[in-house]
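The values are calculated or read from the model by the stated rules, or taken from the named source; none is laboratory data. From a predicted model like this one, the values you see are computed outputs, not experimental measurements. Note that we place each Cβ from the backbone using ideal geometry, even for glycine, and neighbour counts take in every protein chain shown. These accessible areas exclude ligands, DNA and RNA; they are computed on the full protein's heavy atoms, side chains included. Shrake-Rupley method; radii C 1.70, N 1.55, O 1.52, S 1.80 Å.
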Amino acid sequence: MAPEPRTPSPPPCTLRAARPADAEAVLAAFTANPDMARQGEVGTLDQARTYVEWLLGEQRRAVAVAGPDDTMIGLVAVSIEEDNKVGWFFYWMHTDARGRGLAARAAATVADRALSRSDQGGWGLDRLELGHRANNPASGAVARAAGFVHEGTERQKFLIDGERHDVLTYGRLRTDPPPATPHLPRG
C-alpha cells in the first residue's frame, strides 16, 4: 500500500516591525470580532491609521505577526517606560488566526527580545507587565507560554457593558528563566 500523500505545510508566519501600511489589516482584525474593542477604538480606516500611528510612537515597540503573504494577522507590542526599564506588554490576533499557537510563539519571541540587553540586540528592559480579564483564559495561556508569572488579581478593575470584571496581572523579569515556547522567525 502506497503512503498517503503529504499535504504541504503552509508557509510559516514571521515577525516584522509594524508599519503604516498595516492599517487595513488592523481594521480587518478589529471589525472581525467584537472582543477587539478592548484593544482600542477602531471601526474605520482613519481610526486604524490613528491606531497604527500610536503603535509606532516613540515609547512603543510594535511587532506584527505576518502571515505567509506578509499581511499582519496579529500584534505583540510593548509600551516602554524608559526611566524604570519597564514595559507594558500587549498582544492580539485576528480571529481567523487564533488557536494555532501563534500568539504564544510571538509573545515569547518579543518578550525575550525586550528583556535582552541592548548590546545583544535587545531592548534592554528589566521587567514586563501585562493584565487580562479573568474571563479570558486564552490570554492567560499566552502570557504563561511567554514566561510571565501570575502576580495577582485586580478585583473589578474593568467595567464592560455595565458589568465589573477582575483583571489578572502578570510580570516577567529579565532574570526569570526563558520559556520553552518556540520562537517565530523574523521576516
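Points worth noting:
- Multiplying the residue separation of R186 and Q156 by 0.36 nm and subtracting their alpha-carbon distance yields 7.0 nm.
- Reducing the range 17-32 and the range 55-69 to their Cα centroids gives an inter-centroid distance of 10 Å.
- For the chain, the Cα-based Rg and Dmax, in that order, read 17.2, 66 Å.
- In the range 21-117, the portion of solvent-accessible area held by carbon and sulfur atoms comes to 46 percent [1.4 Å probe, whole percent, DNA, RNA and ligands not counted].
- Relative contact order (%) - the chain, alpha-carbon pairs under 8 angstrom, separation at least six: 19 percent
- Probe 1.4 Å, accessible area per residue of the range 65-187, Å²: 51 Å²
- Cα-centred dipole magnitude for the range 68-130, charges only on beta-carbon of K, R (+1) and D, E (-1), debye, nearest 20: 260 debye
- Charge dipole (debye, nearest 20) of the chain; +1 at Cβ of Lys and Arg, -1 at Cβ of Asp and Glu: 500 debye
- Between E163, E41, E81, the residue with the greatest mean-square fluctuation in the GNM of the chain (Cα pairs under 10 Å linked by springs) is E163.
- Choice from Q59, Q47, Q120 showing the highest fluctuation, given a GNM over the chain with Cα pairs closer than 10 Å: Q120
- The chain - mean residue ellipticity at 222 nm from DSSP helices (-39,500 (n - 2.57) per run, n ≥ 4, rounded to 500): -7000 deg cm²/dmol
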